[in-house]
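Contents: one structure, followed by commentary.
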Amino acid sequence: GVFFLEAVRILRDRKLKRIIASLLILIAVSWVIETVAFQGYFKDKYTHYKGLIPFDPEDNSLVLPWALIMAQDGRNDEALELANKALKADNESRWIDVSDLAGLLKANLLINKGEFEQGKEIAEKILWETKKDEMKYFGCLVLSRYEEKKGNIQRAIEILKKAAQIGKTGDVYFRMAVDYYGLGDYKNAILFLDQAVKEGGMDSRYEKLREAIKKHLK
């Protein structure tokens, strides 16, 4: 899902050094697994994290990257179970709010499962209480997904613009471009797609959307 892709891609954005630093310290291994290492060294179904946990079974933060991998693999029920465990992590002993990030993961999973209101409630609570930009950023992503699922595309765009105020990433602008495309507003779609390319560089998703938009602008 987009939440997990954002969590990976955010590490590539030089303008988000503060967010990068806080995320990198705790869960860099997870992002590496999702982008490169999971294709090879850790491909044997999570042996890495299963091996780490016995060294510190009380450290629920070790469960979080495992939950992210499960979610990225589409194993949502298992990811949800692990996210619930990660919610017990002690924020005071971590560089980022592990339980908050786990909560946002849980909220995203619930929304994707169709349990919209429960997911929204969790995300809103975290967004209201957190003082950390990275949690606000991810919270906005989850809430924008809620609005998209409910068909409130204009509201989703407004929330994504708030996320962009916290951190400008290619994926935030790409999602705005997709939403404008869905509304039939092709001029804004191409405008935000250009911004996505500027912030994140070209990738295959951007090119496919550009071709689709061009068909409507002829």
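A few points about this structure:
- Residue in the range 83-97 that is at pLDDT 90 or above, buried (at least 19 other Cβ atoms within 10 Å of the Cβ) and more than 22 Å from Thr169 (Cα to Cα) present: no
- Any hit, the range 160-171, residues being small (Gly, Ala, Ser), more than 26 Å from Lys208 (Cβ to Cβ) and under 15 Å from the mean Cα position of the chain (by Cα): no
- Matching residues, the range 122-153, being in contact with a Leu (Cβ under 7 Å, 6 or more places away or on another chain) and over 20 Å from Leu109 (Cβ atoms): Ile153
- Listed by first and then second residue, the pairs with beta-carbon distance under 7 Å, at least 6 apart or on different chains, first residue in the range 166-178 and hydroxyl-bearing (Ser, Thr, Tyr), second surrounded by fewer than 23 Cβ atoms within 10 Å (Cβ to Cβ) and not in a helix (DSSP H, G or I), are Thr169/Asp13.
- Some residue of the range 206-215 being basic (Lys, Arg), surrounded by 14 or more Cβ atoms within 10 Å (Cβ to Cβ) and within 17 Å of the chain's Cα centre (by Cα): no
- Listed by first and then second residue, the pairs with beta-carbon distance under 7 Å, at least 6 apart or on different chains, first residue in the range 69-86 and touching a residue at least 60 places away in the same chain (Cβ under 8 Å), second of a type outside the set (A, V, I, L, M) and in a helix (DSSP H, G or I), are Ala71/Phe4; Gln72/Phe4; Gln72/Glu34.
- Scope the range 104-155; condition of a type in the set (Asp, Glu) and surrounded by 18 or more Cβ atoms within 10 Å (Cβ to Cβ); matching residues: Glu134, Glu147, Glu148
- In the range 163-194, the residues that are polar (S, T, N, Q) and at pLDDT 95 or above: Asn188
The values are calculated or read from the model by the stated rules, or taken from the named source; none is laboratory data. Because the structure is predicted, anything quoted here is derived from the model rather than measured. All Cβ positions, glycine included, derive from the backbone under ideal geometry; neighbour counts span all protein chains shown.
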